[in-house]
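The values are calculated or read from the model by the stated rules, or taken from the named source; none is laboratory data. Small disclaimer: the values here were computed from a predicted structure and weren't measured. Heads up, the Cβs are rebuilt from the backbone with ideal geometry, glycines too, and the neighbour counts pull from every protein chain shown. Side chains included, ligands, DNA and RNA excluded: accessible areas come from the protein's heavy atoms. Shrake-Rupley method; radii C 1.70, N 1.55, O 1.52, S 1.80 Å.
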Amino acid sequence: MALDQYTPEEPISSIATALAPAALGIVRVSGKGCIELVSKVFLRPRALLEAPGNTIVYGWIVEPAGVPEPVEGRAKIDEVMCAVYRAPKSYTGEDMVEIFCHGGPAVVTAIQNLMLKSGFRQANRGEYTFRAYINGKTDLTKAEAVREIIDSHTDDSRSHAAGRLAGALYEEIDSIKKLLVDTLAAIEVEIEYPEDEETIADTFDKGDLEKAEKRLAGLVASWRGEKLYQDGARVVLAGRTNAGKSSLFNAILKEERAIVSDIEGTTRDWLESWAGINGIPVRLFDTAGLRDTEDVIEAKGVEISRSLVHEADVVLYLIDSAAGMNEEDKEFIESCKVPLIVVWNKCDVPSGGVLRQAQEPQGIGVPELVEGPLNQAYISAKTGTGLSDLFNQIESLLTQGLDTEREQAGLGSARQKDAVAEALECTRHALATASDNYSLDAVVQDLEDALDSLSEVTGAITPDDILGSIFANFCVGK
């Protein structure tokens, strides 16, 4: 959003649902005089104008007066339900109307175009949520959580964002700020009424400051785990031809996305799709089989496969358990620089041996070919056997060293992480300053800087350029 061009309370309108055939579509309007503007194209204007807040009015959206009309009166566009919200009890804190119409793209677009002709401006990205923020209906942590929920790929990522939307992060930040404010107040009293002008040692209780430091450190540590649930991870399926990569790709997605064939080189290009593995969103890549080939197109696919492997967070290297491991497999596994799981596939095939949890299936080659410990899983992509263990191993690799099981709120954006990290640095500096017997004024400055940084997280103090960046990433109808 360009905040320098923003006009508060200006009536705005936008389509709030996808432009695709559906049972319902929603056109949302907000701003000063928006109810009156909608009433001019509503067949029951008085009912709309007199409707209390948080009520629904039935009627028709019609062409404005003066437009060529059928015998029965003004041309009808669609039969609708209008939800009326009156300030300040609305999402934006302003008067609002949400027009629930039939979900055909032509119908929704016609109503939106009519709103624009009737005095509304097209809403900018995130403008409704921005108005909610400036009107005190939400803070920045909740506003950013709205976008997180819209963009979430799994129930776990949605759940993490929902906690921030419910105010968990705001409450944590507010609680930490109270610890800093209480400490600051105690220091201010000491400055005004000093008992010892020579030293600040033991002039105030550092307990609250130490608690704040610990909780800020926990918040900063939470970001890497939260980022995983927001952005997801790249998981690449690699291996020789006919190892079962496409079958595993389909098994994880639970749909037939990739062509499966016994003919070598069937997959010449890569396929990509979002999937959920133990609640973690992953971008799953099915790649061309790794082998030397004179086919120019297939060779290009193999080259792309190797490139995708280098960019992966986890590589699943599939081996046909009946064919076993060869020198080509060994070379790839030993040279791979990213976390890798050797996946012994086709364990349901008689020649592949019997699936075992504690040791290799019979007849699948010699793992001793590869030096060092290996992450290994024994599966059948065809029957689904062993997939649960594979998913657990993927989760373990992706979450290793991350704080993903927090009871308290975690950070929801890099912006929040940077601000909290700055507050943490200031708090630690304040503790060091106090321990080194510097003046109380130096400690006060550190604590005030920490409070300013935390205020940026919630939006109590936030530069306009940061606000513009935050809300520019929203969809138009939100």
Scanning the range 266-309 for residues that are out of contact with any strand residue (DSSP E or B) (no Cβ under 8 Å at 6 or more places or on another chain) and modelled with pLDDT of 90 or more, the one farthest from Ile379 (Cα to Cα) turns out to be Gly279
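Give the range 252-265 a look and list any residue that's modelled with pLDDT of 70 or more and over 25 Å from the mean Cα position of the chain (by Cα), or say none. Full working, then the answer.
Taking the range 252-265 first, the residues modelled with pLDDT of 70 or more are 252-256.
Of everything in the range 252-265, just one residue is modelled with pLDDT of 70 or more and over 25 Å from the mean Cα position of the chain (by Cα), namely Glu256.
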Give me a count of the residues in the range 305-322 that are farther than 21 Å from Ile280 by Cβ, touching a residue at least 60 places away in the same chain (Cβ under 8 Å) and either surrounded by fewer than 20 Cβ atoms within 10 Å (Cβ to Cβ) or not hydroxyl-bearing (Ser, Thr, Tyr) (or both). 2
Return the residue satisfying two criteria in turn: it lies in the range 219-239 and is of a type outside the set (A, V, I, L, M) and open to solvent by 40 Å² or more (accessible area, probe 1.4 Å), and of such residues it is farthest from Pro281 (Cα to Cα). Arg224
Checking Val146 against (1) out of contact with any strand residue (DSSP E or B) (no Cβ under 9 Å at 6 or more places or on another chain); (2) open to solvent by less than 10 Å² (accessible area, probe 1.4 Å), only one condition comes out false. Which one? (2)
Among the residues of the range 116-139, is any surrounded by 14 or more Cβ atoms within 10 Å (Cβ to Cβ) and free of Cβ contacts under 8 Å to residues at least 12 places away in the same chain? yes
In the range 393-431, anything open to solvent by 30 Å² or more (accessible area, probe 1.4 Å), at pLDDT below 90 and over 30 Å from Leu316 (Cα atoms) is listed as Glu407, Gln408
Per the filter on the range 79-115, residues part of a loop (DSSP other than H, G, I, E, B) and open to solvent by 10 Å² or more (accessible area, probe 1.4 Å) are Arg86, Ala87, Pro88, Lys89, Ser90, Tyr91, Gly93, Glu94, Asp95, Gly104
